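Engineer: The structure follows.
All of the numbers you see were taken from the coordinates with simple rules; none came from a lab. Small disclaimer: the values here were computed from a predicted structure and weren't measured. Neighbour counts run over all protein chains shown; Cβ positions are idealised from the backbone, glycine included.
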Ligand code: ARG
């Protein structure tokens, strides 16, 4: 039964009904719709629309319905009603008859859906915050496990300067911390309750909206009814948080795909997160990471779709806004699954420290140290840079590293070089020199780990 049949002489066309119905996806709001309805029943009792007995009967029936939908959510999806609000009302009529018809007094599906959706978003944000914290923990554990491992650091995918592998891990911890803080800001901002805003103008019953909001765990009630029913910023913000976080995960995936390649051989992914080829028996493909990278597009797609849907929508509610759900209902579990999968990948990583060290030693990634050596001897950096460039060319010509050049060769470019140049070129010296805050020295990375651990408690 539709909630609005009285004004109509015929029912909707079958094609329109299918086009219009949102139950096949908003059934996911069943729990929130029922919880919101229990709260609304309380508000109606407060303004004497419901007496105590009616309130008790309605709440008992709603709680029973809650158990039923929790036990079989899929059954709701195919029940054939227009939307979750129609479904809940009709299921309630089945339980308590005409009394159920009183529940919609002073309420509109517009404030109802806005409330349900915020409740759903708030729960989801909490789950995702937990998952991000776990992933951060996994990165920190890997950073601690691999504390001595040296990795070539890249710019332009050219070996640039050596870094600690743990420094790489902690870079992602930084990103995840920002993801966490963005998401918890968004969660705080969305935590205001639209219920009691009516269709758009507010409700005509003297309901204590603040009390109603607090009963549902909101920080407070929304302040403007027009805004409250038409605001979907919280959806946009969640999708934006998801998109940025997915960008981070995609970069992590890309780094690891490269590290795991036959060419680099820096890491080995566990069997549990890789798959084989149906044709080539030797293959072990990084599918989990590629899917994380691939799903980033899908999540961002949902974000841009939501922005386009909202663009230039007049106040207040318009049916366009029903399009707010499917993208988010797809993007949030996708995001969560990617965080979980990233954790599984990080947990099972085996780092080939010999290979990372050998690669870090190659590529003349100690050239900056050499320039700094010259600076210490009083040569301006720009001139030193040029001198070192000449030496790099020399090393390349003989197929060697900078530290393999003889002192005569060094001196042939500039007489200031002495044998004290060799310790400077050692890889450990390159790492050790990066002592300023945020650098890759062991001390800095250790204190970054300590800070992150303290922060995650
Ligand atoms: N299914 C609708 C939605 O998801 C519920 C709100 C319907 N409101 C209305 N005025 N038709 O947006």
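Engineer: Residue 214 versus residue 326, label points 7 Å from Cα toward the beta carbon: distance in nm?
Structural biologist: 4.1 nm
Engineer: So the label point goes 7 Å from the Cα of residue 340 along Cα→C-beta, right? Which residues of region 252-271 then have their backbone N under 20 Å from it?
Structural biologist: Zone members listed by number: 253, 270-271.
Engineer: Right, another one. What's the exposure ranking of 168, 4, going from fewest to most Cβ atoms within 10 Å?
Structural biologist: Values: 168 23, 4 10.
Final ranking by Cβ density, sparse to dense: 4, 168.
Engineer: For region 332-352 and region 144-206, what is the centre-to-centre distance using only Cα atoms, to the nearest Å?
Structural biologist: 15 Å
Engineer: What is the angle, in °, between the Cα long axis of helix 109-145 and the longest principal axis of the Cα atoms in the chain? Nearest 10 is fine, range 0 to 90.
Structural biologist: Between helix and principal axis, roughly 20 degrees.
Engineer: Among 410-421, 317-328, how do they line up by average Cβ neighbours within 10 Å per residue, starting with the highest? Numbers along the way, then the final one.
Structural biologist: Working: 410-421: 14.8, 317-328: 17.3.
Per-residue mean Cβ counts within 10 Å order the peptides as 317-328, 410-421.
Engineer: Okay, next question. Based on the alpha-carbon gyration tensor of region 1-131, what equivalent-ellipsoid semi-axes (square roots of 5 times the eigenvalues) come out, in whole Å, largest first? Provide the component values of the computation, followed by the final result.
Structural biologist: Numbers: eigenvalues 99, 97, 38 Å².
For region 1-131, the semi-axes come out at 22, 22, 14 Å.
Engineer: With runs of 4+ DSSP H residues as the only contributors, calculate the mean residue ellipticity of the chain at 222 nm using -39,500 (n - 2.57) per run, divided by the residue total and rounded to the nearest 500.
Structural biologist: On the way: 20 runs with 285 residues, N = 457.
Calculated mean residue ellipticity at 222 nm is -20000 deg cm²/dmol.
Engineer: Where does each of 177-185, 362-370 land if you order them by average Cβ count within 10 Å, highest first?
Structural biologist: Values: 177-185: 17.1, 362-370: 19.8.
The peptides rank, most packed first, as 362-370, 177-185.
Engineer: Which of the peptides 240-249, 63-72 is most tightly packed, and how do the rest follow, going by the mean number of other Cβ atoms within 10 Å of each residue? All intermediate terms of the calculation are to be shown ahead of the outcome.
Structural biologist: Numbers: 240-249: 21.7, 63-72: 14.0.
Result, highest mean Cβ count within 10 Å first: 240-249, 63-72.
Engineer: Multiply the residue gap between residue 201 and residue 377 by 0.36 nm, knock off their C-alpha separation, and tell me the result in nm, one decimal place. Present the calculation step by step, with values, prior to reporting the outcome.
Structural biologist: Numbers: separation 176, 0.36 × 176 = 63.36 nm, distance 7.61 nm.
Going from the current span to full extension adds 55.7 nm.
Engineer: What is the P(r) of the chain, as percent of Cα-Cα pairs per 10 Å bin from 0?
Structural biologist: The percentages, shortest bin first, are 4, 17, 21, 17, 14, 11, 8, 5, 3, 1, 0.
Engineer: Once you place label points 7 Å from the Cα toward the Cβ at residue 279 and residue 105, how far apart are they in nm?
Structural biologist: Simple spin-label model gives 7.1 nm for this pair.
Engineer: Once the Cα atoms of helix 442-455 and of the chain are each reduced to a long axis, what angle between those two axes, in degrees from 0 to 90 to the nearest 10, is obtained?
Structural biologist: Rounded to the nearest ten degrees, it is 10.
Engineer: So, one more: In nm, to one decimal, how far is the residue 307 label point from the residue 56 one, both placed 7 Å along Cα→Cβ?
Structural biologist: That separation, rounded to one decimal, is 5.5 nm.
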